[in-house]
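Okay, structure first, notes after.
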Amino acid sequence: MKKLLLVIIMLAICAAFFTMATNRRPWLKPQNQKPDIYTELQKDNEQIEENYPADPKALVELNNKIMSYLYSKHMVGDNLIDLYADTIRKFYSEELLLFTPKEDQIKNILEEKENYINKNIKLLKSEIKEVVYLDNNSKARVKVIYYISVGDITRNYNLENTKEGWKITSWQDSKLESRQLEEK
């Protein structure tokens, strides 16, 4: 009798295990490790439309997040590059948009992307170092350090407060000495 009861329990345990293994819940399935940059860009686009960054720091933080996609090996395809350009251009002033036609920007993005791939350049981290308000808070300068696998770059963004919100009017890069991120 004990043996029969033990066999029934073992069969029930095996059946339960088999049922759980074949009917796994989606949250138990292994995650796809490849990031879906297109979906992330769409979310960022929606965020910009619904809740445009309120200050220069928030704008540059979101700009840096979007810019980091360019360094991803998963950022391939014309529709992705086009969406990337459309998204990043939402932060540009009218003058900068006129100065940089979308077609030229896409061409530059593709050249940059090819350069990053060929030279194995990776963006490790970006950090906002300083935000300075100018002209009674109608303009601002944001200093960012980009820690890149081949050295660091300091970028100074110039922004102005327009009726649509803060917009990037220009930026200037200066390359720092090549250093490791750990030394900072």
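When residues of the stretch 36-84 are filtered for being within 21 Å of Leu110 (Cβ to Cβ), in a loop (DSSP other than H, G, I, E, B) and not charged (D, E, K, R), how many remain?
Within the stretch 36-84, residues that are within 21 Å of Leu110 (Cβ to Cβ), in a loop (DSSP other than H, G, I, E, B) and not charged (D, E, K, R) number 7.
Restricted to the stretch 89-113, and to residues that are in contact with a Leu (Cβ under 9 Å, 6 or more places away or on another chain) and not acidic (Asp, Glu), which residue is farthest from Glu46 (Cα to Cα)?
Taking the candidates together, the pick is Lys113.
Under 23 Å from Gln47 (Cβ atoms), surrounded by 12 or more Cβ atoms within 10 Å (Cβ to Cβ) and not aliphatic (A, V, I, L, M): which single residue out of Tyr116, Tyr84 fits that description?
Going through Tyr116, Tyr84 in turn, just one is under 23 Å from Gln47 (Cβ atoms), surrounded by 12 or more Cβ atoms within 10 Å (Cβ to Cβ) and not aliphatic (A, V, I, L, M): Tyr84.
Which residues, taken from the stretch 66-80, are of a type outside the set (A, V, I, L, M) and in contact (Cβ under 8 Å) with a residue 40 or more places away in the chain?
Ser68, Tyr71, Lys73, His74, Asn79 - these are the residues of the stretch 66-80 that are of a type outside the set (A, V, I, L, M) and in contact (Cβ under 8 Å) with a residue 40 or more places away in the chain.
Picking from Leu110, Leu98, Leu124, which residue would you name as being part of a strand (DSSP E or B) and either surrounded by 12 or more Cβ atoms within 10 Å (Cβ to Cβ) or among the hydrophobic types (A, V, I, L, M, F, W, C) (or both)?
Of the residues listed, the single one that is part of a strand (DSSP E or B) and either surrounded by 12 or more Cβ atoms within 10 Å (Cβ to Cβ) or among the hydrophobic types (A, V, I, L, M, F, W, C) (or both) is Leu124.
Do you know which of the residues in the stretch 132-175 that are under 19 Å from Thr87 (Cα atoms) and of a type in the set (A, V, I, L, M, F, W, C) is surrounded by the most Cβ atoms within 10 Å (Cβ to Cβ)?
Among those that are under 19 Å from Thr87 (Cα atoms) and of a type in the set (A, V, I, L, M, F, W, C), it is Leu159.
Which residue pairs have Cβ atoms under 7 Å apart, sit 6 or more places apart or on different chains, and have a first residue in the stretch 103-120 that is closer than 13 Å to Val76 by Cα and a second that is in a helix (DSSP H, G or I)?
Partner pairs satisfying both residue conditions: Ile106/Ile81; Ile106/Asp82; Ile106/Ala85; Ile109/Ile81; Ile109/Tyr84; Ile109/Ala85; Leu110/Ile81.
Do you know which of the residues in the stretch 137-176 that are of a type in the set (Lys, Arg) and more than 16 Å from Glu127 (Cα to Cα) is modelled with the lowest pLDDT?
Applying the filter and picking the extreme gives Lys163.
The values are calculated or read from the model by the stated rules, or taken from the named source; none is laboratory data. Note that the structure is predicted; figures quoted are calculated from it, not measured. So basically every Cβ, Gly included, is an ideal-geometry build from the backbone, and we count neighbours across all protein chains shown.
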